[in-house]
Amino acid sequence: MKRYIAFIDFDGTITSKDTLLELIRFQKGSFLFYAGFLINAPWLLAYKLGIISNHRAKQRVLRFFFRKTPAEEFQKKCQAFSSIILPRYIRRKALDEIKRLKQLEAEIVVVSASAANWIQPWTDSMGLKLIATVLETRNGKMTGKIDGRNCSGKEKPRRIKSAYDLNSFDELYAYGDSKGDLPMMALATHSFFRPFR
């Protein structure tokens, strides 16, 4: 019997929006959301120009909005976001493909640069596995730092290979929507770029 595994990017592939941005808006409100990004505009511009890494820019934003937030409070709001807001951004075609993969009895793994805090409740409810960025906590509070590396680019296949023996699968599927997904997609026997739009 053939064994199948599928690796699917989350933001922009399964979803129609960047969930980190929507999470910040949900947790902090529109005024602080826009004010915060205005304050951090030089850092975001530096990232867009390739002066600083995605990892550094992302940590800057996370620190600004969530540093010293009690971890329990942060997680409670992530759970609420996942159940109330997230479903409206899930692409119907992505759900159809997940259903098809389940009929193949494929192991389905969401691989995301966004944090597990707000994705895990959704993947658990769908019966999917998750590999995602981990946010650091210290003394019961969010530090605004990433624990380890941002799960993007070359980090995606590294995490996948550390979690799965790919040689034990007959066919590998990969789905993505950005250049940060290309290293993951290179692992696959079947890869799909922006397939659900």
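Could we say that LYS102 is surrounded by 21 or more Cβ atoms within 10 Å (Cβ to Cβ), basic (Lys, Arg) and either over 13 Å from the mean Cα position of the chain (by Cα) or part of a helix (DSSP H, G or I) (or both) here? Criteria not met by LYS102. The single condition among (1) closer than 30 Å to TYR164 by Cβ; (2) modelled with pLDDT of 95 or more; (3) touching a Gly at 6+ places or on another chain (Cβ under 8 Å) that ILE119 does not satisfy is (3). The residues listed here are LEU86, LEU95, LEU45; of these, the one that is surrounded by fewer than 19 Cβ atoms within 10 Å (Cβ to Cβ), within 17 Å of LEU130 (Cα to Cα) and among the hydrophobic types (A, V, I, L, M, F, W, C) is LEU95. The set of residues in the stretch 146-196 that are among the hydroxyl-bearing types (Ser, Thr, Tyr), assigned to a loop (DSSP other than H, G, I, E, B) and surrounded by fewer than 19 Cβ atoms within 10 Å (Cβ to Cβ) comprises TYR164, SER178, THR189. Filtering the stretch 29-41 for residues that are at pLDDT 95 or above, crowded, with 19+ Cβ neighbours inside 10 Å and in a helix (DSSP H, G or I) leaves an empty set. From the list SER191, SER178, SER162, SER168, the one residue that fits, being small (Gly, Ala, Ser) and under 17 Å from the mean Cα position of the chain (by Cα), is SER178.
Scanning the stretch 49-77 for residues being of a type outside the set (Lys, Arg), part of a helix (DSSP H, G or I) and touching a strand residue (DSSP E or B) at 6+ places or on another chain (Cβ under 8 Å) gives a total of 9.
Condition check for LYS58 on (1) surrounded by fewer than 19 Cβ atoms within 10 Å (Cβ to Cβ); (2) out of contact with any helix residue (DSSP H, G or I) (no Cβ under 6 Å at 6 or more places or on another chain); (3) at pLDDT below 95: one failure, at (1).
Within the stretch 1-15, being outside any helix (DSSP H, G or I) and buried (at least 16 other Cβ atoms within 10 Å of the Cβ) holds for TYR4, ILE5, ALA6, PHE7, ILE8, ASP9, THR15.
The values are calculated or read from the model by the stated rules, or taken from the named source; none is laboratory data. Computed from a predicted structure; not experimentally measured. Counting neighbours? That spans all protein chains shown, and the Cβs are built from the backbone with ideal geometry, glycine included.
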